[in-house]
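Undergrad: The structure follows.
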Amino acid sequence: MDSNCIFCKIINKEIPSKVVYEDSDFLAMLDIAPATKGHVLIVPKEHAETLSDLSDDKASKILVLAKKIIVAMQKVHNFTDYNIIQNNGRIAGQSVNHFHLHLIPRYSVDEVGLWVPHEDDPSVTEELAAKVRNLV
Ligand code: AMP
Ligand code: ZN
């Protein structure tokens with residue numbers, strides 16, 4: 001628990017939220033400024049800032065939970081396609097420094113933009129791939 005963290009306050013019920021799921025490890029709620037209709041955030045109860053800080057236990061459970069919640073959301077909001085997005089750090093667009101997963105329903109007309117693809121970068125060589133490979 002971080003006393004300055006808005007998501008910790010929500011988990012602690014100091015700030016209200018529209019909860020769609022809760023157990024001892026996670027709380028999932030409607031995003032207050034949704035990208036599209038039905039946008040949900042899954043928040044681990046443990047305060048970790050980014051994926052790098054999150055415990056392996058929560059990291060390994062969260063995608064299974066995302067799958068369950070998406071299936072329920074699809075029934076309620078009548079969509080098939082969706083994005084799972086997770087921002088780490090300011091440059092990446094993280095505005096709340098408590099790890100969370102975005103579940104974003106996609107509709108045939110919506111305003112979600114993710115990235116613009118670029119040409120393959122020849123300076124990112126197989127050697128660099130091998131360097132990463134050797135560190136994993
Ligand atoms: P990110 O930019 O990836 O850190 O996402 C933070 C998300 O938290 C944004 O989509 C916000 O709309 C959402 N958010 C911020 N405050 C609240 C809140 N009190 N209740 C629900 N969602 C919130
Ligand atoms: Zn927190």
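Undergrad: For Lys61, list the lysines whose Cα falls under 19 Å from its own Cα; do not include residues on the same chain fewer than 8 positions away.
TA: Lys45
Undergrad: Here is a further query. What's the angle, to the nearest 10 degrees (0 to 90), between helix 126-135's Cα axis and the longest principal axis of the chain?
TA: The helix 126-135 is inclined about 50 degrees to the chain.
Undergrad: Determine the distance separating the Cα centre of region 1-28 from the Cα centre of region 98-114; give it in Å without decimals.
TA: 21
Undergrad: Further, regarding this structure: Over 16 Å, how big is the tail of the calculated P(r) for region 31-92, in percent of all Cα pairs?
TA: 53
Undergrad: Angle check, please: helix 56-77 long axis (alpha carbons) against the longest principal axis of the chain (alpha carbons), in degrees 0 to 90, nearest 10.
TA: Taking the Cα atoms of the chain, the angle to 56-77 is about 60 degrees.
Undergrad: In the chain, with Lys and Arg counted as +1 and Asp and Glu as -1 at Cβ, which of these residues, Val132, Phe7, Ser60, has the Cα nearest the positive end of the dipole, that is, farthest along it?
TA: Phe7
Undergrad: So what is the 222 nm mean residue ellipticity for the chain from helices alone, if each DSSP H run of at least 4 adds -39500 (n - 2.57) and you divide by all residues, rounding to the nearest 500 deg cm²/dmol?
TA: -9000 deg cm²/dmol
Undergrad: Over all Cα pairs of region 59-136, how is the pair count split among 10 Å bins, expressed in % and running from 0 up to the last occupied bin?
TA: The distribution over region 59-136 is 13, 29, 36, 18, 3, given as percents.
Undergrad: Here is a follow-up. If each Cα of region 3-43 is one equal point scatterer, what is log10 of I(q)/I(0) from the Debye formula at q = 0.29 Å⁻¹?
TA: Taking Cα atoms of region 3-43 as identical point scatterers yields -1.06.
Undergrad: So if each residue of separation counts as 0.36 nm, and I subtract the Cα-Cα distance between Ile6 and Val19, what length gain in nm does that give?
TA: Here the answer is 3.2 nm.
Undergrad: While we're looking at this one, here's another question. At a threshold of 8 angstrom on Cα-Cα distance, excluding pairs fewer than six apart, so keeping six or more, what relative contact order does the chain reach in percent?
TA: 24
Undergrad: In whole Å and largest first, what semi-axes does the C-alpha gyration tensor of the chain yield when each eigenvalue is scaled by 5 and square-rooted?
TA: Taking √(5λ) for each eigenvalue gives 28, 21, 14 Å, largest first.
Quick note: the coordinates plus some simple rules give every number you see, no bench work behind them. As the structure is a computational prediction, the values presented were derived from the model and not from experiment. As a convention, Cβ positions derive from the backbone with ideal geometry for all residues, glycine included, and neighbour counts pool all protein chains shown.
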